[in-house]
1. Mind giving me the nanometre distance, one decimal, between the label points for residue A:118 and residue B:22, set 7 Å out from Cα along Cα→Cβ?
2. With a point put 7 Å past each Cα toward its Cβ, work out how far residue A:269 is from residue B:10 in nm, to one decimal.
3. Between residue A:179 and residues 5 or more places away or on another chain, which pairs have amide H atoms under 5 Å apart, with H built 1.01 Å from N, and which residues are they?
4. Please tell me the relative contact order of chain B in percent, rounded to the nearest whole number, where contacts are Cα pairs under 8 Å and at least six residues apart.
5. May I ask you to derive the FRET efficiency for residue A:173 and residue A:250 from their Cβ-Cβ distance with R0 = 30 Å, giving the value to the nearest 0.05?
6. Could you derive backbone 3J(HN,Hα) for the range A:314-331 from the dihedral phi with the Karplus parameters 6.51, -1.76 and 1.60 (θ = phi - 60°), listing whole Hz in sequence and x where the residue is Gly or Pro?
7. Evaluate E = 1/(1 + (r/R0)^6) for residue A:204 and residue B:1, where r is the Cβ-Cβ distance and R0 equals 41 Å; express this FRET efficiency to the nearest 0.05.
8. What net charge is computed for the residues neighbouring residue A:322, neighbours being all others with C-beta under 15 Å from the C-beta of residue A:322, Lys and Arg scored +1, Asp and Glu -1?
Amino acid sequence: MDGKQILQEQPKIANQFQQPICSQCNSPPVVYLSYAQRHFCKKHFLLSFERRVKRTIRDFSLLSKGDTVAVGLSGGKDSTVLLHMLCKIRHSLPFEIKAIAIDEGIASYRTNTIPVAETECKRLAVPLTILRFDSKFSSMDSIMRLKAHSGKLKGSCTYCGVFRRYLLNRGCKQVGANKLAIGHNLDDIAQTVLMNIMRNEPYRLARFSLNGGIAQDEGFVPRIKPLAQIPEREVALYAALQGMPIHYQECPYAHEAFRQHVRTLLNQTEEKYPGTKQRVFNSYLALQTSLAKGAKLDAGSPVSKCSECNEPSSGELCMACLLASEIKQAL
Amino acid sequence: MEISVGSSKLSLEAKTISEVLSSLGLSREEALVRVNGSVRPEDWKLSPSDSVEVIKVVFGG
């Protein structure tokens, strides 16, 4: 974001009602971007949004001509907006788009978003593959029932995150995609960076990246994050202004997450000190290169194959198979 | 003025959207607000006859 240049300008407030106006055209605004001190009307917000996504794709070389990109599509706002953006970009940079939806088996949550994914894929003529947790592991509802009963298992996000990443990676290979696009926005990335620091896990930070990660293995499909520099609220605004049929609903298991705490902390800080999220992102970029070098030197064990499922793994069993066996033992 | 938040409705006095969000204990980072059907920024001034809808858009999960 061109913060330095636009910080010089003051928001325009004119007309007899003292209402704010768009910094570009004097129309009624739909948003005030406090980190840039600018109001935007619908037209100029959409233009600015699309320009920023394209810039992220270009600056981090996220897409190439001829790619087959699978979008990890939940039917929520982030992945739905991502799918629309990639379909727009496809006109100027030819690449193939497919979509993969993961059904984690959370009643009255995912059952509301999967139909959105199906409708949007049909509308945009994007082939959709749906993979279910319970076809390989167990549904999240079953895992959480077992946890409540046995008192042995880990938090919901551990199973959900590992199993979802596993199925998305396998799904990409199944549909012939060489890249997986996910809808992580600026908030997600700023939260992840802070969480890794707060948990003293710098090597997780080193592995985290916008266009792949440091683990180089043909079994891992590189993950790209074109919305990495767009605040979450703006993704929601884009979806609303484009009339996307998004359900705003909280995951029933999300209250367990440490992320929730960090999200609140970051939102409060952003409100008081606009631009904080982008500054966390910029700090991550500055640190990432040297962290990744260090992680490569210290990584030691090369990527091998899981003895259970033959997917890439740094140990005898991959994390997904380890967690699946933990669930079996708790039965 | 009448404010709708999800399926519930409540009545409160507020001069701006920012005041509405503060009264509801919401951060501007986690909600969109429609005034008479159009999304507006937090410094948008409100009149008593306005119809205001608050949509919480940031959730965990």
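1. In this crude spin-label approximation the distance works out to 4.6 nm.
2. 2.9
3. Here the answer is A:68, A:70, since their amide H atoms fall under 5 Å of that of residue A:179.
4. Working: 99 pairs, mean separation 25.2, N = 61.
Relative contact order of chain B: 41 percent.
5. On the way: r = 32 Å, r/R0 = 1.07.
With R0 = 30 Å, the Cβ-Cβ based efficiency is 0.40.
6. Each residue of the range A:314-331 in turn: 8, x, 4, 10, 6, 4, 5, 5, 4, 5, 4, 6, 4, 5, 4, 5, 7, 5 Hz.
7. Values: r = 47 Å, r/R0 = 1.15.
With R0 = 41 Å, the Cβ-Cβ based efficiency is 0.30.
8. Values: positive: A:136, A:152, A:154, A:165, A:305, A:328; negative: A:308, A:311, A:316, A:326.
Counting the neighbours of residue A:322, the net charge comes to +2.
The values are calculated or read from the model by the stated rules, or taken from the named source; none is laboratory data. Keep in mind that this is a model prediction, so the values were computed, not measured. Using ideal geometry, Cβ is built from the backbone for each residue, glycine included, and neighbour counts are taken over all protein chains shown. For the accessible areas, the whole protein counts, side chains as well, though only heavy atoms, and no ligand, DNA or RNA atoms are used. Shrake-Rupley method; radii C 1.70, N 1.55, O 1.52, S 1.80 Å.
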